[in-house]
1. By how many degrees, 0 to 90 and rounded to 10, does the Cα axis of helix 82-91 deviate from the longest principal axis of the chain?
2. Work from the charge dipole of the stretch 276-367 (Cβ charges, +1 for Lys and Arg, -1 for Asp and Glu, about the Cα centre) and give the residue of 283, 304, 346 farthest towards its positive end.
3. Give me a comma-separated list of calculated 3J(HN,Hα) values for the stretch 278-284, in order, Karplus coefficients 6.51, -1.76, 1.60 applied at θ = phi - 60°, integers in Hz, x for any Gly or Pro.
4. Taking amide hydrogens as modeled 1.01 Å from N in the peptide plane, which residues meet the under 5 Å criterion relative to residue 153, leaving out close sequence neighbours?
5. List, in order, the whole-Hz ³J(HN,Hα) value for each residue of the stretch 410-423 obtained from phi through the Karplus relation with A = 6.51, B = -1.76, C = 1.60 and θ = phi - 60°; use x for Gly and Pro.
6. Each residue of the stretch 45-53 in order: what ³J(HN,Hα) in whole Hz does its phi give by Karplus 6.51 cos²θ - 1.76 cosθ + 1.60, θ = phi - 60°, with x for Gly and Pro?
7. Which distance in nm do the two modelled labels at residue 410 and residue 222 give, with both placed 7 Å along the Cα-to-Cβ direction?
8. How much net charge surrounds residue 275 when only the other residues with a Cβ under 14 Å from the Cβ of residue 275 are counted, with Lys and Arg +1 and Asp and Glu -1?
Amino acid sequence: MRGLVVKAISVAGVASLALTACGGNDDSSSGSGGDNKVQVFTWWADGGEKAGLDGLVSQFQKDCSQYSFENAAVAGGAGANAKQVLANNLSAGDPPSTFQAHAGKELQDYITNGQVDDISGLYKEFGLDQAFPQSLLDNLTVDGKIYSVPANVHRANVVWANPAVLKRASIDGTKAPASVDAWIADLTKLKAAGVAAPLAVSKGFAQEMLMETTLLAELGPDKFTGLFNGQTDPAGGDVTAALSKYRTLLTFTNADREAIDWPDALGYVNSGKAGYTLMGDWVAAQQVADKVPDSAYTYWPAPGTDGEFQFLADSFTLPTNGKAAEGTKCWLRVVGSAEGQKAFNTTKGSIPARSDASPADYPKYQQAAMADWKQDKIVPSCAHGSACTLGQNESIQSAISQFSGSPDVAKLQSALATALKSS
Ligand code: GAL
C-alpha cells in the first residue's frame, strides 16, 4: 500500500454532545411498525464519513422509495459521543430504527441486554449467508444467531504521512520503517530537524489504536490476537516491553492530544505541522472529501505490522421495538446488497464486506486494501469492537487517558489486564 500529498485542511471541531437527531424530531417517527421514516443512528456526521453515509442513503432512496431516511447521526470519532447517547436512548426505551455497531464483541452487550433482534432469517431472505466470507459470518454469529448486517471492512493499522515533512530529515516517505524501533529513530530525526511533535495523535480511541498497533508489532499477530481470547497473558514481560515503546512514541506527539479528534490530527499532518498520524482507512475518504491531492500524502501499514490487516466492520442492527421495522428491513437489505456496498464503500475508504465486489469499481486506495484483505493475516481491533466489548473499551480508554497525563507503564498494564479479563 502506498499513496501520496499537502494542503492545510480546515477541520471540523469536535462535536458537541447534541442529543437531537440531525433529521429533526417529527412525532410520527415514534412507535414501531406502521411508520415510513427510517431513523438511522451513526456517528458519520461530517467529511468522508458523511460522504459514505450519503452513498448508502442514495441507494436506499432508489431501492426503498416507499420509505424515507431520517439522519440521527451524533458526531465524534469512533462514536465517542454517539455510543453514550445510544445507550441512554436504548435504556429509556427509545431505540432508533437501526444503529451502527461493530461486528464482533461490541455487539455482545446489545445482545445480552435484549436490545437487538436476531436477523438470521433476513440473511436467508437476502442471500447474505452466501454473500459474506465465512470468517466474517463467524465474527457476527453469537450462539448460532446473527444480529447485524456488515456494510464494510475497514483497516485500522495504517500510518498516514506527509513526505514533504519527512524530507526535512531526509526520510523516504514512500517506505514504512521496518519496526517500531526504526520508527522511533525516524521520529527522533524529525524532532532534531525542528518538527516539535512529529507524530500527531488525538484523544481516546486514537491513542488506543497507537497502543494496539504497537502491541501488534511487538507481539506478532498470534500473540496479539491471544490477548483477546485468553491465550496471551496481558501481564507478561513482552507486553510490558511493548507498552514501554508506546510510552516512547507518545513523547513525540502533540501536547493537545486530549483535546482534539482524529480529523484534527490528520490536519496537523496535511498542514505540515506533523509528519505522521496512525489512523484507520476512513482517512482515505477524508482526504478525498478535503480535496487533498494524492501526491501530498503516503500511507503504509503501521511499522512492524506489514502483512497484517487489523480489521473492523461497521454493521447495522434491527433494534428490538425499533421504529419503522419494515422500512428498516429494507435499509438492511440495501446495506447488504452489492449496489449498497458499492455506493457506501467507494466513498467511505473501506472495502465491501461482500465477496463478490469488483476491485475495478473502486478507487486506488480500496483496490490495494482489497488485495491486502485477501492475502494478509487478519487480526481484530479492540478499539473498534471486533475484539473487545463496549465495557472493556471504556476501561481501557480511561486508563489510556490517565497514561497520557502521567505515563506509568505498570499502571497501564495492570488496567489493561483487568479489562481484558472482564467482559
Ligand atoms: C470507527 C468506524 C469507522 C469510522 C471511525 C472514525 O469506529 O468503524 O467507520 O467512522 O470510527 O469515526
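1. Taking the Cα atoms of the chain, the angle to 82-91 is about 40 degrees.
2. It is 346.
3. Working through the residues one at a time gives 9, 7, x, 7, 5, 4, 4 Hz.
4. 351, 353
5. Rounded to whole hertz, the list is 4, 5, 5, 5, 5, 5, 5, 4, 5, 5, 6, 7, 8, 10.
6. 3J(HN,Hα) across the stretch 45-53, in whole Hz: 9, 9, x, x, 5, 5, 4, x, 4.
7. Distance between label points: 3.2 nm.
8. Neighbour charge sum, excluding residue 275 itself: +4.
Rule-based calculations on the coordinates, nothing more; no lab input. Everything quoted here is computed from the prediction, not taken from an experiment. Cβ sites come from the backbone with ideal geometry, for glycine too, and all protein chains shown count toward neighbours.
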